[in-house]
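Data block below; observations after.
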Ligand SMILES: C[S@@+](CC[C@H](N)C(=O)[O-])C[C@H]1O[C@@H](n2cnc3c(N)ncnc32)[C@H](O)[C@@H]1O
């Protein structure tokens, strides 16, 4: 049975869209979180929310969750998501690795979007990077079979490491690995704020996508 989606006109306060960890004690029930059984897509590091808010608008038959750790971006994300008044978006302020480990049920997510994860270019800061072999394993465990994983970055060395880890993960398969050259696309059509910013600066953008295998 599909539960009715929340009435968009009723989205008036942050309690309608915010997942508060103080109210959660283990893996979430998506039907409870969104009020329906539509597929769930998660963006990690939503920043100011351009991608997730546009996606939620464009796909009312899907649910979107944005995970953002930084308070200053999270406040903007929350304000914009509230102003958008859409019923299929939820946000949470949390470290993504912690949130996935503790609150995302296994094999329950239809897609992950990770766009321009902080590259931490200095070698001594590499340990702060979000996307590691363990993190990719966590993404794969929580993706449903046939689900997708999307990455984009302007930082070539980090991209090579991400794709190396992803290719070493036996439960996902690469379906896209490409470079977008500046001047070949309109920055104004970029899906995220950082992609627009870097295209305008004339930087190359590296993208990869993976599908969760149907059987191990
Ligand atoms: C470079 S910005 C990219 C923002 C957006 N995805 C875009 O493309 O415009 C990276 C974002 O990821 C967030 N972030 C970094 N590490 C995170 C983590 N461990 N968990 C959740 N968010 C994180 C940062 O706070 C920041 O908003």
In region 73-100, residue nearest to the chain's Cα centre (by Cα) [restricted to those that are surrounded by fewer than 15 Cβ atoms within 10 Å (Cβ to Cβ) and within 16 Å of the ligand (Cβ to nearest atom)]: 95
Residue within region 112-130 that is near the ligand (Cβ under 9 Å from one of its atoms) and without any contact (Cβ under 8 Å) to a residue 24 or more places away in the chain present: yes
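So which of 145, 191, 182 is in contact (Cβ under 8 Å) with a residue 12 or more places away in the chain and either out of contact with any helix residue (DSSP H, G or I) (no Cβ under 6 Å at 6 or more places or on another chain) or in a strand (DSSP E or B) (or both)? Can you show your working first?
Details: 191 fails: either out of contact with any helix residue (DSSP H, G or I) (no Cβ under 6 Å at 6 or more places or on another chain) or in a strand (DSSP E or B) (or both); 182 fails: either out of contact with any helix residue (DSSP H, G or I) (no Cβ under 6 Å at 6 or more places or on another chain) or in a strand (DSSP E or B) (or both).
Answer to the selection: 145.
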Test for residue 136: is it within 15 Å of the ligand (Cβ to nearest atom), surrounded by 14 or more Cβ atoms within 10 Å (Cβ to Cβ) and more than 18 Å from the chain's Cα centre (by Cα): no
Criterion: out of contact with any strand residue (DSSP E or B) (no Cβ under 6 Å at 6 or more places or on another chain), touching a residue at least 12 places away in the same chain (Cβ under 8 Å) and either in a helix (DSSP H, G or I) or closer than 27 Å to residue 136 by Cβ (or both) - qualifying residue of 72, 102: 102
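Rule-based calculations on the coordinates, nothing more; no lab input. Worth saying up front: this structure is predicted, and the values here are computed from it rather than measured. We place every Cβ from the backbone using ideal geometry, glycine too, and count neighbours over all the protein chains shown.
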